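**Q** My questions all concern the structure below.
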Amino acid sequence: MRPRALAAVFALTLATTLPAGAADTLRDLARKADLHFGTAVDVEALDSDPAYARLLAREFNLVTPENALKFSVVQPERGRFDFTRADALVAFAEAHAMRVNGHVLVWDQQLPDWLTQGHFSPDELRAILHEHIRTLVTRYRGRVASWDVAAEAVGEDGKPRDTFWSRGIGPDYLALAFRWAHEADPQARLRYNDYGGEGAGAKSDGIYTLVADLRTRRVPIDAVGLQMHVSLSDAPRAGDVRINMKRLAALGLQTDITEMDVMLPLPASRAALRKQAVLYGGMLQACLAVPQCRSVSTWGASDRHSWIPAFFPGQGAALLFDADGRAKPAYFGVRRILRSAKAGKH
Ligand code: 9MR
């Protein structure tokens with residue numbers, strides 16, 4: 001189906017299925033708190049699972065394609081770009097007044113073989129990356145409000161990671177990527193996005209040092225994304241997250257919680273689901289306490305479409321809705337906090 005036609009179908013299904021009391025959805029409460037509430041989207045499931053599409057449209061006002069804009073998906077052969085899935089998501093978002101976050105321009109995973117096996121010189125790699133960024137960002141100029149320009153470039157020790165791009169182009173690849181993205185869409189909000197550096201510690205300090213250096217060099221970076229893939233036993237303290245957001249804000253940077261999920265051992269017990277709700281609520285409160293924190297996104301909407309069970313066997317139930325789209329304790333907790341925040345600082 002063509003993206004426009006797809007969008008029309010979604011608009012129709014939404015109009016006929018919104019429950020009573022829909023004004024109390026996450027997206028409406030978030031808007032009143034001057035925040036966006038988002039999710040990663042499995043674009044294939046948009047087609048095959050109408051209940052999933054309805055859930056997205058009802059609860060979220062910000063979407064990130066989970067995989068549709070990754071290098072190997074969008075440029076499977078050199079110079080041949082495939083925007084089928086990304087276009088469908090952008091059309092869906094426009095039909096439902098959602099913002100789109102583009103994900104991700106420079107990352108060292110999900111790279112196509114033609115690139116990783118290609119033995120390119122540094123100049124050739126620069127040209128390939130420049131062309132890739134220019135093509136994607138130009139195509140969605142004015143339609144994709146923010147981009148994850150670069151992701152996961154810092155190691156656990158806080159030092160820059162050795163990646164395909166740093167080896168191939170040299171350490172300046174990050175600054176170049178931000179400059180090229182800015183040239184292609186000067187209005188887009190440009191973000192650095194990483195995991196495991198949300199609170200206190202070496203990695204968080206390393207990310208801070210990296211983005212502070214970019215700011216000093218007048219590289220066009222606007223925001224830092226804190227991914228927040230956590231478990232009950234391994235999550236940062238919400239107070240440390242708030243402090244980290246504040247020091248990033250002092251550099252002139254906005255922040256977002258970009259990929260939150262809280263994995264639980266399966267089957268998830270009631271006690272674990274309650275603790276999960278507390279964790280989600282604490283991170284949302286950290287964001288609400290810092291005016292520069294502009295959005296909270298989960299890495300998926302329902303447990304039916306989540307990366308966790310495939311990557312961490314025996315774990316799952318990480319999101320706000322269960323596999324049947326039913327709201328979990330974490331959803332009600334988040335909603336309660338948003339409701340009380342609506343007259344807040346944002
Ligand atoms: O959820 C994504 C999964 O479907 C992909 O197979 C995987 C590939 O590595 O990437 C997952 O998303 C990642 C995101 O793009 C960047 N941050 C970490 C996310 C979870 O691995």
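**Q** Can you tally the net charge around PHE164? Count Lys and Arg as +1, Asp and Glu as -1, for every other residue whose Cβ sits under 14 Å from the Cβ of PHE164.
**A** -1
**Q** Mind checking the full-extension length gain between SER233 and ALA202? Use 0.36 nm per residue of separation minus the Cα-Cα distance, one decimal, nm.
**A** 9.3 nm
**Q** Same structure again: In terms of solvent-accessible area of protein heavy atoms at a 1.4 angstrom probe, what is the ranking of GLU44, GLU66, highest value first?
**A** Ranked list, largest accessible area first: GLU44, GLU66.
**Q** Given the options ALA57, HIS229, SER121, identify the residue whose Cα lies farthest towards the positive end of the charge dipole of the chain (+1 on Cβ of Lys, Arg; -1 on Cβ of Asp, Glu).
**A** Of the options given, the answer is ALA57.
**Q** In the chain, what % of DSSP beta bridges are antiparallel (nearest 5)?
**A** So the antiparallel bridges in the chain amount to around 15 percent.
**Q** With runs of 4+ DSSP H residues as the only contributors, calculate the mean residue ellipticity of the chain at 222 nm using -39,500 (n - 2.57) per run, divided by the residue total and rounded to the nearest 500.
**A** The per-residue figure over the chain is -13500 deg cm²/dmol.
**Q** Going by amide H atoms built from the backbone, whose H comes under 5 Å of the H on ASP82, apart from near neighbours?
**A** GLN75
**Q** Rounding to the nearest 20 debye, state how big the charge dipole of segment 200-346 is about its Cα centre with +1 on each Lys and Arg Cβ and -1 on each Asp and Glu Cβ.
**A** Values: 20 positive and 11 negative charges, 126 e Å.
In total the dipole reaches around 600 debye.
**Q** Lysine pairs in the chain with alpha-carbon atoms under 14 Å apart, 8 or more places apart or on different chains: how many are there?
**A** 4
**Q** A further question follows. Got a number for carbon plus sulfur as a percent of the chain's accessible area, 1.4 Å probe?
**A** Numbers: 7600 of 14810 Å².
Carbon with sulfur: 51 percent of the solvent-accessible area.
**Q** Can you check what the net charge comes to around ASN61, using other residues whose Cβ is under 13 Å from the Cβ of ASN61 (Lys, Arg +1; Asp, Glu -1)?
**A** For residues surrounding ASN61, the net value is +2.
**Q** So for each of 327-336, 141-150 I average, over its residues, the number of other beta carbons within 10 Å; can you give me the resulting order with the highest mean first?
**A** Result, highest mean first: 141-150, 327-336.
**Q** Let me know the charge dipole size of the chain about its Cα centre in debye, to the nearest 20, where only the beta-carbon of Lys, Arg (+1) and Asp, Glu (-1) is charged. Walk me through the numbers before you get to the answer.
**A** On the way: 43 positive and 39 negative charges, 275 e Å.
Dipole magnitude for the chain comes out near 1320 debye.
**Q** Mind putting a number on the dipole of segment 38-112 about its Cα centre? Charges go on the C-beta only, +1 for Lys and Arg and -1 for Asp and Glu, and I need it in Debye to the nearest 20.
**A** For segment 38-112, the charge dipole is close to 160 debye.
The values are calculated or read from the model by the stated rules, or taken from the named source; none is laboratory data. Note that the structure is predicted; figures quoted are calculated from it, not measured. FYI the Cβ positions are ideal-geometry reconstructions off the backbone, even for glycines, and counts take in every protein chain you see. Please note that ligands, DNA and RNA were not included when accessible areas were found on the heavy atoms of the full protein model with its side chains. Shrake-Rupley method; radii C 1.70, N 1.55, O 1.52, S 1.80 Å.
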